[in-house]
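S.K.: I am attaching a structure below and will ask some questions about it afterwards.
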Amino acid sequence: MARAKHVLMVLGSYDQSAHEGIARYAGQQGWHLNVSILKDFQLPEHWQGDGIITSLNSSRQLEEFIEQANVPTVDLSIWREDIKLPRVAADNAAIGRMGAEHFIELGHRNCVWFGLAINPVSRTRFKAYQECLQAAGIECIRLDTVRPQDAAYITGRLLELPKPCAVYTKSDYDSAWIANLCYDAGLKVPDDVAILGADDNPLICESQTVSLSSVRYDLSRIGYEGASMLDTLMNGEKVEQPLVLIPPSGITVRQSTDALAVTDPLIRDVLGYLRQNFRKSIGTKDLAERFQVSRRLLETKFREHMSSSIREYLIGLRLDEAKSLLQQSKEPIETIAALTGFCHAPHFSSTFKKHFGLSPTNYRKQL
C-alpha cells in the first residue's frame, strides 16, 4: 500500500471556502493534510513532507519558509508574482470587468472605484474595471488614492460625487464600510449610491441595513484545483499550465444595486421591460409601438443613455442569463438557447463564442 502523502496547508490569507476545497481533494486522495498553523499561527519548525499549498501575501517569514522547504508548492494567490510558483487563483481582471458590465447594464454613468487597501488584487480589478468603463465611454472616478481609511475624508468625497453614482469596491468588507459611511451621511443606497463588492460573503452581505450585491467567485474550486495541481507536481509530473485563473460565476444581486440609474423615464421604462421580457422575441419596432414613440427617437435616446444599441443590450441580457444557466444547471444547449430568447441553438452558440471566445459547451467544460 502506497504511503499517504503529507501536505501542509499554510494560507497567508485564510479563507474557509478555499480550505474546504483543499480538504475535499485531500480526502479523495487519502492525503494527510497538516493544518496545524491554524491553531497557533506559527510556521512549523523542521517540517518534512511532500508538498505545500499556500496563499502568499506580504509576510517575509512565509516567503522564506516556502523557499527553504524545497518541496512542490502551489500558490492560491497573485500577491507574489515575483516568486516563481505554479498558481491557481481568481481571475481578478474578469472580476473587475464584471463589475463594470453590471453598472453599465443598470444605466450608471457616474462609476467609482474604492479599496481600503491597495494591493495586487485591488490593482488588477481596478485596471480591468476602468478599461471596461472607458470602452463604454465612461470615465472612472477613483476614491482610494488619498487617505482611503479616513472615514471623514471619504464621506466628504461621497457627498461630492454626482448622483446617482455607483461604487465598486475591492471586497465585501470594503462595501460594508462604504455603506455605513453612506448611512451616517444620509445618502440613500441604492438611490443615491449603488454599491457592489466581491467575494459574495453572505455573513457580510446579508447582515447590513441594505443587503449588498457582490461578484461571486468560487474559492472552493480554487482550493480544489490548487490541490489537484499540487498532486500532479508531487507525482513528478509537469503541469500543462503553471497559471490557472478561475473566472467569476456571476453577480448575486441584492438591494445595494437593485435600481436602474437612468433618469430619462422612457429609457427607464424600456430597460425595465427588457429585463423582464428578454426571453421573448423583441425588436426595436415592437418597443417603439409599445411605448408610443418614433423608432428613431427611441434608438437615439437609448444609445445616448446606455452607450449601446437596443439589440446589443438585449443580447447582453440573454448572454448573462445563459452563462448563469451553464454554470448552475445541466440543461442541454438547445434548452438554454430556448430559455434565453435565442431563435435556435446554432445562433446561440455562435453569438456566445463571438462574445466570450468559447462555445457554450467548452465554457461549461472549463467550470
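S.K.: Treating only the Cα positions of segment 92-216 as identical point scatterers, give the base-10 log of I(q)/I(0) from the Debye formula at each q in 0.15 Å⁻¹.
M.R.: Debye curve over Cα of segment 92-216, log10 I(q)/I(0) at q = 0.15 Å⁻¹: -0.59.
S.K.: For a Förster distance of 51 Å, can you work out the FRET efficiency between the beta-carbons of Arg3 and Lys127, rounded to the nearest 0.05?
M.R.: That pair, Arg3 with Lys127, gives E of 0.65.
S.K.: Another question, then. List the aspartates and glutamates whose Cα lies under 19 Å from the Cα of Lys84, skipping any in the same chain that are fewer than 8 positions away.
M.R.: Hits, sequence-local ones excluded: Asp50, Glu63, Glu64, Glu67, Asp75, Glu225, Asp231, Glu237, Glu240.
S.K.: Here is a follow-up. Find, among the trypsin sites (Lys or Arg not before Pro) in segment 2-75, those assigned to loop by DSSP (not H, G, I, E, B) with at most 14 other beta-carbon atoms within 10 angstrom. Kindly include the intermediate steps, with their values, before the conclusion.
M.R.: Details: sites: Arg3, Lys5, Arg24, Lys39, Arg60; in loops: Arg3, Lys5.
For trypsin sites (Lys or Arg not before Pro) across segment 2-75 that sit outside H, G, I, E and B with at most 14 neighbouring Cβ atoms in 10 Å, the list reads Arg3.
S.K.: Ignoring the sites themselves, what is the longest stretch of the chain with no GluC sites (Glu not before Pro) in a DSSP loop and at most 16 other beta-carbon atoms within 10 Å? Kindly include the intermediate steps, with their values, before the conclusion.
M.R.: Working: sites that count: Glu45, Glu81, Glu139, Glu206, Glu237, Glu240.
No qualifying site falls inside 241-367, the longest such stretch.
S.K.: Turning to a different aspect of this structure: Could you list, in their original order, any pairs among Lys238/Lys365; Lys285/Lys323; Lys5/Lys365 whose Cα atoms are separated by more than 25 Å?
M.R.: Lys285/Lys323; Lys5/Lys365
S.K.: Further, regarding this structure: Would you calculate, for the chain, the mean residue ellipticity at 222 nm contributed by helices, counting each DSSP H stretch of 4 or more residues as -39,500 (n - 2.57) and dividing by all residues, to the nearest 500?
M.R.: When only DSSP H runs of four or more count, the value is -14500 deg cm²/dmol.
S.K.: Using the number of other C-beta atoms within 10 angstrom as an exposure proxy, rank Lys301, Lys188 with the fewest first.
M.R.: Ordered by Cβ neighbours within 10 Å, fewest first: Lys188, Lys301.
S.K.: Still on this structure, I have one more. Within the P(r) computed for the chain, what percentage of the Cα pairs occupies the region above 32 Å? If you can, show how the numbers build up before the last one.
M.R.: Details: 27701 of 67161 pairs.
Everything past 32 Å amounts to 41 percent.
S.K.: In terms of the Cα gyration tensor, with a ≥ b ≥ c the square roots of its eigenvalues, is segment 40-117 rounded because a/c is under 1.5, prolate because a/b exceeds b/c, or oblate?
M.R.: Note, shape of segment 40-117 comes out prolate.
S.K.: May I ask you to derive the FRET efficiency for Lys353 and Leu297 from their Cβ-Cβ distance with R0 = 45 Å, giving the value to the nearest 0.05? If you can, show how the numbers build up before the last one.
M.R.: On the way: r = 34 Å, r/R0 = 0.76.
That pair, Lys353 with Leu297, gives E of 0.85.
S.K.: Roughly speaking, what is the centre-to-centre gap between segment 9-29 and segment 239-309 when only Cα atoms are used, to the nearest Å?
M.R.: Using only Cα atoms, the two centres lie 39 Å from each other.
S.K.: Pop the C-beta distance of Leu159 and Asp258 into the FRET formula with R0 = 22 Å and round what comes out to the nearest 0.05.
M.R.: That gives a FRET efficiency of 0.45.
Bear in mind that the values in this text are calculations on the coordinates, not laboratory data. Owing to the predicted nature of the structure, the values given are computational and were not obtained by experimental measurement. All Cβ positions, even for glycine, are placed from backbone atoms using ideal geometry, and neighbour counts span all protein chains on display.
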